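Reading through the structure tokens given below for one structure.
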Amino acid sequence: MNAAFGASNARRRRQTRGDAEVARVDARLNSKGSSLLADDLTAFSPDALPSPPALSLAGVTCTFADKADPSRRYTAVRDVTLAVGAGEFVSVVGPTGCGKSTLLNVAAGLLAPSSGTVEVFGTPLAGINRRAGYMFQTDSLMPWRTALQNVAAGLEFRGSDRCEEQAQEWLKRVGLGAFGDRYPHQLSGGMRKRVGLAQTLVLDPDIILMDEPFSALDVQTRQLMENEVLAIWAEKKKAVLFITHDLDEAIAMSDRVVCLSAGPASHPIGEFAIDLARPRDVAEVRATPRFVELHQAIWSVLREEVLAGYRQQLAA
Amino acid sequence: MKYLRLWQAGLLVAVFVVWHLLTTPGLLPNFMFENDRQAAFFFGEPVRIFGRIWAWFVVNADIYQHLWVTLVETALAFAIGTVLGLGFGLWLALSPMAGAIADPYIKALNSMPRVILAPIFAVWFGLGIASKVALGVTLVFFIVFFNVYQGVKEVSPVVLANARMLGASQRQLLRHVYLPSATSWVFSSLHTSVGLAFVGAVVGEYLGSSRGVGYLILQAEGAFDINTVMAGILVLTAFALLLDAGVGRIERRLMRWQPAAGETEKL
């Protein structure tokens, strides 16, 4: 079935609030196991904040059934409770194949969870998350539109005026002002990512979802893009949910890092507040002692999971 | 290649020269036929063929009405078939229920040899233009239909998800994602389908009509006038090439976004 027609299930699958509360407490207990926990964890929990968090997943479980054989099921994520405060930069790290992208698709409203609730600024999410922008891992530009038309696409869909002007402004901002009339195949991978960034940010979303957006880029381009994203974020202070498998990247960019266990049925196993001073330069911050300390602490939690994930892939 | 066109034209001239040498009575000693007129009878003579074409277009100027009828039939079959194929292709690809129900019927209709429908169309629509258009439509429709169907199925799920996240409504997805994605497939099929529309028109005329280039060829065959038959075939071929070039032109215009192979420019 086509993805475009699958969005209406979200409401039907929604669970009662009671279950979600229990799950949230569970997840918090789970995460107590790690040594260097964010000590003011409750400050980030949805209940303690005066205003509702930008994005709140409560007890989200996603189970996929095999198309050919419905009795074979695969649970990608189980009982995930995660909140991103307004203006907070949260990274989710985890071993490969642990359902990070699934989680992001749930937050975007592209995927309805099997159970659990998603709330956006306190309102239950039904269908596509209109307040979120999504940067995909792979090429997501429309190949039949020029860079400028791609950036303007969202504005056009939403029926705003001055689409081209705003799009041109953003293209300039990501350093591609002179490339507006190029088609995606005429741009390099890094340029396409920039166009994607402009395409997402031109809509001024309150929540930015990023799925390993820079994993396909070379190290130099990647650091440039990371700094660029940080600069834009510092200026606009949007809520960011950033998915990555790169712990360095996660620590360098975020306010908070959430570790997921190895799949299947992965769930958060640790949460770390990153108290590095801002503004940061992603290349320089890696050399600071605090960064190394944090890296060691998070890695000690993550290492077992990465090995477990690797063993599972070998065995499969 | 620098002299590509020259080589192509040279090949054409060479074919006609060989043809001329082999068929002109008395030019070469007989090696296949007993009578030196038999080769000309079976294969026609290029000089007479071109004389015939010259007479059609210039001296008598009587081919235009026939050519016009054939081209109108082709254009109508092409347009109607393409629009129907596009519409049904989009509909069946986007609504899985309808697609699943129609699937065996589409396959059955496609595997049916549709030329045998021509007499039936002649009975239904008469001997005028309509029956030829109907035949052409049945040929064009399936080509376009299957390509659109495939094109919609092959839309990149990431591009689709991205468009949805950017706020595209169902209608906007159709207009800005499915349709452009399908067009690349449609255009690769249009070259085939414009040829088939032409085939539909000529075969329809050939099986029963009072005008059209197919009718001219049928008349000439009745009189064993092989030169006129060959002249008709040459005219049809030339116009098929023109139509194909027209489609190619539109394609290049609309498909600018597609990467061409080896795009770097040699300096």
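The values are calculated or read from the model by the stated rules, or taken from the named source; none is laboratory data. Values in this document were obtained by computation on a predicted structure and should not be read as measured data. Note that each Cβ is placed from the backbone with ideal geometry, even for glycine, and that neighbours are counted across all protein chains shown.
If A:His267 meets every condition in (1) farther than 20 Å from A:Ala83 by Cβ; (2) buried (at least 20 other Cβ atoms within 10 Å of the Cβ) apart from one, which number is that one?
Result: A:His267 fails condition (1) only.
Might you let me know whether the stretch A:282-301 holds any residue that is farther than 18 Å from A:Lys100 by Cβ and among the hydroxyl-bearing types (Ser, Thr, Tyr)?
Of all residues in the stretch A:282-301, those farther than 18 Å from A:Lys100 by Cβ come to A:282-297, A:300.
With among the hydroxyl-bearing types (Ser, Thr, Tyr) added as a condition, the list becomes A:288, A:300.
Looking through the stretch A:282-301, at least one residue is farther than 18 Å from A:Lys100 by Cβ and among the hydroxyl-bearing types (Ser, Thr, Tyr).
I'd like the full set of residues that are under 27 Å from A:Pro205 (Cα atoms) and either among the aromatic types (Phe, Trp, Tyr) or not assigned by TED's automatic domain parsing to the domain that holds B:Leu241 (or both), limited to the stretch B:147-194.
If the condition is that a residue be under 27 Å from A:Pro205 (Cα atoms) and either among the aromatic types (Phe, Trp, Tyr) or not assigned by TED's automatic domain parsing to the domain that holds B:Leu241 (or both), then B:Tyr178 is the only one that fits.
Among helices (runs of 4 or more DSSP H) lying entirely in the stretch B:96-176, which contain 1 or more residues that are facing chain A (nearest Cβ under 10 Å)? Steps first, answer last, please.
Details: elements: B:96-111, B:118-125, B:129-153, B:157-165, B:170-173.
Hits in the stretch B:96-176: B:96-111, B:129-153, B:157-165, B:170-173.
For residues that are more than 7 Å from chain B (Cβ to nearest Cβ) and either aromatic (Phe, Trp, Tyr) or without any contact (Cβ under 8 Å) to a residue 40 or more places away in the chain (or both), tally how many sit in the stretch A:149-164.
8
For the stretch A:66-78, give me each residue that is in contact (Cβ under 8 Å) with a residue 40 or more places away in the chain and either surrounded by fewer than 21 Cβ atoms within 10 Å (Cβ to Cβ) or of a type in the set (Ser, Thr, Tyr) (or both).
Within the stretch A:66-78, A:Tyr74, A:Thr75 meet the criteria.
Give me the residue from the stretch A:118-148 that is polar (S, T, N, Q) and within 11 Å of chain B (Cβ to nearest Cβ) and, out of that set, nearest to B:Tyr178 (Cα to Cα). Don't jump to the end; show me each part of the working.
Narrowing the stretch A:118-148 to residues polar (S, T, N, Q): A:123, A:129, A:137-138, A:140, A:146.
Filter once more, keeping what is within 11 Å of chain B (Cβ to nearest Cβ): A:129, A:137-138, A:140, A:146.
Numbers: A:Asn129: 22, A:Gln137: 21, A:Thr138: 19, A:Ser140: 14, A:Thr146: 17 Å.
Taking the candidates together, the pick is A:Ser140.
Give the residue, chosen from A:Gly116, A:Gly133, A:Gly122, A:Gly85, that is of a type in the set (Gly, Ala, Ser) and out of contact with any Pro (no Cβ under 7 Å at 6 or more places or on another chain).
Result: A:Gly116 is the single residue among A:Gly116, A:Gly133, A:Gly122, A:Gly85 that is of a type in the set (Gly, Ala, Ser) and out of contact with any Pro (no Cβ under 7 Å at 6 or more places or on another chain).
Would you mention how many residues in the stretch A:109-152 are part of a helix (DSSP H, G or I) and surrounded by fewer than 24 Cβ atoms within 10 Å (Cβ to Cβ)?
The qualifying residues number 2.
So A:Arg173 fits all but one of (1) away from every other protein chain (no Cβ under 14 Å); (2) touching a strand residue (DSSP E or B) at 6+ places or on another chain (Cβ under 9 Å); what number is the exception?
(2)
Among (1) surrounded by fewer than 22 Cβ atoms within 10 Å (Cβ to Cβ); (2) within 22 Å of the chain's Cα centre (by Cα); (3) not assigned by TED's automatic domain parsing to the domain that holds A:Met225, which single condition is A:Glu212 missing?
Tallying (1) surrounded by fewer than 22 Cβ atoms within 10 Å (Cβ to Cβ); (2) within 22 Å of the chain's Cα centre (by Cα); (3) not assigned by TED's automatic domain parsing to the domain that holds A:Met225, A:Glu212 fails exactly one: (3).
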